[in-house]
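As structure tokens, the structure follows; a few thoughts come after it.
The values are calculated or read from the model by the stated rules, or taken from the named source; none is laboratory data. Predicted model, so just to flag it, every value in this text is computed and none were measured. Every residue, glycine as well, gets a Cβ built from its backbone with ideal geometry; the counts of neighbours run over all protein chains shown. Accessible surface is based on the protein model in full, side chains and every heavy atom, while ligands, DNA and RNA are left aside. Shrake-Rupley method; radii C 1.70, N 1.55, O 1.52, S 1.80 Å.
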Amino acid sequence: MPKKSKTNSKQNPAIQKNKSVQYSDQTVPTGTAGEVHQAAGGDVPVLTTQQGVPVSDDQNSLRIGARGPTALEDFHFREKIFHFDHERIPERVVHARGFGAHGYFENYQSLADITKADLFQRAKEKTPVFVRFSTVAGNKGSPDLARDVRGFAVKIYTKQGNWDIVGNNIPVFFIQDAIKFPDIIHAAKQEPDRGFPQAQTAHDNFWDFISLTPESMHMVMWIMSDRTIPRSFRFMEGFGVHTFRLVNTEGKSTFVKFHWKPKLGLQSVVWNEAVKINGADPDFHRRDLWDAIKMGDYPEWELGLQLFDDAFADKFEFDVLDATKIVPEEEVPVRRVGRLVLDRCVDNFFAETEQVAFCTQNIVPGIDFSNDPLLQGRNFSYLDTQLKRLGSPNFMHLPISPPKCPFATFQHDGHMAFLNPKGRVNYEPNSRGGEPGGPREAPEQGFRSYSAEEEGAKVRVRSETFADHYSQARQFYKSQTKVEQNHLAKALVFELSKCETPAIRSRMVSHLLNIDEQLAKEVGGGLGLKEMPKPADAARPTKDLKPSPALSIHVNGPKSFKGRKVGALLSDGVDIKLFHALKSALDSEGALLEIVAPKVGGVEASDGSWIEAKQAIEGGPSILYDAVALMISEQGAKLLMAEPAARDFVADAFAHMKFIGHTPAATAWFEKAGIGEKRDEGFIALNNESDCSAFVSACRQVRYWDRRTG
Ligand code: HDE
């Protein structure tokens, strides 16, 4: 297949001279951007129609007399409106809201003994990637902090073709068989008659389905944990979920589960914060990723492999083909084999993040599927959904998705075919060797499926080995810290309290009784159940498995404050030395300082210098920050105390267990906000420069959890 030709800026002086008309490679796959005419006497490009005709007036449509009807012959108006009318494509049926970035995968050392996949052969080799993070249930415009699973889809452009790991930030799923996918998604999304609620599972249909689907109980524990309200994409894990295979040159297969481990550690927000972030900054997650990359603070994850053989799979107490189960890291350790770095934002959101097409069936020689019925169903679904969404079997011609290695097929024609082969032959076998006979099969290097032996009757049954639905749910719950268990119980109470049907609430509690009695009692109590139900019928009794510390966010939290952000509320008269000390303590930690002030213009510091703000207090509530510093003068404290937004700034930081650094003048303010008496070790007085370092050190814990439990 011929290589695509690119926009040639040398032939196009206007594109060369003015970046505002530059078309990214992503938006112009061939050299058809059109000649952009030179405006008389300047280097500003001329606005044209799609046909390249210069436009004289883009403000007024053509009409018969100044107050007369519009003329049908106004081809510029017609073309402009026509294009606008058609500029939307269907959003993804799930994972509609997403955000993508480019980067690379760097392999640590050769894994040739376990896989022949090209990207793992050589140490230090870098392979380009595109990653798209997403929520699942909400529509494209829904808020980032919805309680939801996050998609973590990685397209790796290897030298032997594209490999897509289309994963989530949770290692298990709701269902065991892909045939139930439309049901779980219908139940989770808006109810069909009313079209709401948007981007939340806190409604009858979801919990009705869940409470009738015991296999989802393990996933329920995960989604009600803080995993579904991550602080940002940078602080969450990713998982391939299913068991896959790695295959080496000898044809030997090793089972594998894929993990992405964030270098910055795990971190989530608390629910009350999530609710408020959705109002204050619905783009909180995408902004965080964008800002981090633009600042050169590139997010990083390590690729981890859990490797095991058939013997382990046979003796493991659950079925490795069951996507509602994990293999605990304590049983099969995660081997870190490389790193994923995101170092480039998209040029064009639509062309890249929206048009990228992930497919689970995109694998490369050296990787293979297992028989996980969920994975098998996905392999069917993704191609189908791309056709619907992107509108043509040629969706691979859109610039974001094709492999970066040479590729050659005999597929041709169809809507929007950009990559059109030259020559006479479009079939195979053909008798015209080499050019122009086209590509040939490659028996040696070509993809060959692992030759697993399969046999059996054609049946619709669920394997008996998939029948234990509660043991790992209990293991997850038991592996959480007390604070996390408390969050989980509260999340269940919140969600089930939004269910209007009492029978659904009670049915859910009957499942919880099979997971943990104390949890069931807490939730039953929180719901005000008059009577506890009986435990749900269980196909298998719940086993008491060993807790797995790897499942807790808090146990795997950050070891530093790197990559986090302090919101410093400043007033006129702020002590300039203290301010600089805080700034430099945060710089050394690799953390950020964002300035919030009564007015966005800024404040005048103690030495008469001017400090510009990033946010006015109304637009910079403390929920946007990992910790806060109140750097206010006596005078400033009096003025700020009268501001409701400033009072919320402090009250929320306190309620969300954040570390609060403060100048002496803020003390009176705490009294006013009703937290004077409650001051604890999470409050750090900033009297002198060394206190600023102490404050940043304290912030490494991210939250002062004792405020809640102590
Ligand atoms: Fe998906 N899923 N899925 N899914 N999924 C889609 O494909 C599907 C499942 C996941 O950023 C769709 O391009 C079925 C598990 C991500 O573009 C669709 C089943 C996991 C993304 C689809 C599942 C995922 C999708 C919709 C049950 C975690 C977003 C748009 C067997 C391992 C990728 C699209 C992106 C997207 C089908 C279950 C992850 C309809 C049938 C389990 C991250 O094809």
- Note on the structure: Label model pair residue 560, residue 140: point-to-point distance (7 angstrom along the Cα→beta-carbon line) in nm is 4.0
- If packing is taken as the mean number of other Cβ atoms within 10 Å per residue, what is the order of 281-287, 645-651, 453-459, highest first? 645-651, 281-287, 453-459
- Task: Across region 493-622, how many lysine pairs, 8 or more positions apart or on different chains, have C-alpha atoms separated by under 16 Å? Please give the number.
- Result: 7
- Accessible area (Å², 1.4 Å probe, nearest 10) - residue 521: 110
- Item | For region 244-374: lysine pairs under 23 Å (alpha-carbon distance), excluding those fewer than 8 apart on one chain | 7
- In terms of the alpha carbon gyration tensor, root eigenvalues a ≥ b ≥ c, rounded if a/c is under 1.5 and otherwise prolate when a/b exceeds b/c or oblate, region 472-556 is oblate
- Please report how far the C-alpha centroid of region 641-661 lies from that of region 478-530, rounded to the nearest whole angstrom. 30
- Item | Where region 348-407 is the region considered: accessible area per residue in Å², 1.4 Å probe | 38
- Query: What is the distance, in nm, between label points placed 7 Å from the Cα along the Cα-to-Cβ direction at residue 290 and at residue 185?
  - Reply: 2.7
- Residue-normalised value, i.e. accessible area per residue, for region 195-296 at 1.4 Å probe, in Å², stands at 29
- Item | Computed over region 270-315, Cα set: Rg, Dmax in Å | 19.1, 52
- Cα-based shape type of region 595-710, given that a ≥ b ≥ c are square roots of the gyration tensor eigenvalues and the cut on a/c is 1.5: prolate
- When ranked by the protection proxy of mean other Cβ atoms within 10 Å per residue, highest first, what sequence do the peptides 585-593, 558-566 form? 558-566, 585-593
- Note on the structure: So the carbon and sulfur contribution to the accessible area of the chain, 1.4 Å probe, in percent, is 52
- Query: How many percent of DSSP beta bridges within the chain run antiparallel, rounded to 5?
  - Reply: 75
- Under 14 Å Cα to Cα from residue 638, which aspartates and glutamates show up? Leave out anything in the same chain fewer than 8 places away. 572, 671
- Message: Going Cα to Cα from residue 422, which aspartates and glutamates come in below 14 Å? Please leave out same-chain ones fewer than 8 positions away.
- Response: 413, 435
- Please say if region 304-393 is rounded, prolate or oblate, where rounded means a/c under 1.5 for a ≥ b ≥ c the square roots of the C-alpha gyration tensor eigenvalues, and otherwise the choice is prolate for a/b larger than b/c and oblate otherwise? oblate
- Per-residue ellipticity at 222 nm attributable to helices in the chain (runs of n ≥ 4 DSSP H, -39500 (n - 2.57) apiece, nearest 500 deg cm²/dmol) works out to -8000 deg cm²/dmol
- What's the Cα-based Rg to Rh of the chain, Rh via Kirkwood? 1.00
